[in-house]
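The values are calculated or read from the model by the stated rules, or taken from the named source; none is laboratory data. Computed from a prediction, not measured in an experiment: that's the story for all the values here. A quick note on method: Cβ atoms are made from the backbone with ideal geometry, for glycine too, and the neighbour counts reach across all protein chains shown. With ligands, DNA and RNA removed, areas are computed over all heavy atoms of the protein, side chains included. Shrake-Rupley method; radii C 1.70, N 1.55, O 1.52, S 1.80 Å.
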Amino acid sequence: DRISMGNQVDQTFRQTGIHLFKSDILYLFTDGYADQKGGEKRRKFYYPPFQQLLTDLSSLTMDEQREALYYTIMEWMKNESQIDDMTVVGIKI
């Protein structure tokens, strides 16, 4: 559900179930990674490239994924300041 965590009004979240299988990876993340500005045109990283990056990295170990995510965003940002938190959590089943 797309509800801000800072929303002061009582909200009800939908309960959703998903089936996970051995070797699946569940990624939880804030909007900060995709929203980080950088690159040649100082634009946001955006969600499609972020999702493709996660897909491309999924065959690596979790440690290798962490390193690749870190170095990718650092290269993207270059001299730009970080504008938001960037939290990415990967859980391998």
*Search segment 56-74 for residues that are closer than 17 Å to L26 by Cβ and part of a loop (DSSP other than H, G, I, E, B) and pair each with any residue that is of a type in the set (A, V, I, L, M, F, W, C) and open to solvent by less than 60 Å² (accessible area, probe 1.4 Å) when their beta-carbon atoms are under 9 Å apart and the residues are at least 6 apart or on different chains.*
S58/I25; L60/A68
*In segment 30-52, what residues are more than 18 Å from R2 (Cβ to Cβ), of a type outside the set (S, T, N, Q) and touching a residue at least 40 places away in the same chain (Cβ under 8 Å)?*
K37, G38
*asked:* Filter segment 1-53 down to the residues that are under 11 Å from the mean Cα position of the chain (by Cα) and β-branched (V, I, T) and list them by number.
replied: T30
*asked:* Condition first: open to solvent by 70 Å² or more (accessible area, probe 1.4 Å) and polar (S, T, N, Q). Now tell me which residues in segment 64-93 satisfy that.
replied: N79, S81, Q82
*Just need a number here: residues in segment 31-48 that are open to solvent by 40 Å² or more (accessible area, probe 1.4 Å) and of a type in the set (D, E).*
2
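Would you be able to tell me the number of residues in segment 1-46 that are part of a loop (DSSP other than H, G, I, E, B) and closer than 25 Å to I93 by Cα?
Residues in segment 1-46 being part of a loop (DSSP other than H, G, I, E, B) and closer than 25 Å to I93 by Cα: 15 in total.
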*How many of the residues making up segment 1-30 are open to solvent by 100 Å² or more (accessible area, probe 1.4 Å) and not basic (K, R)?*
10
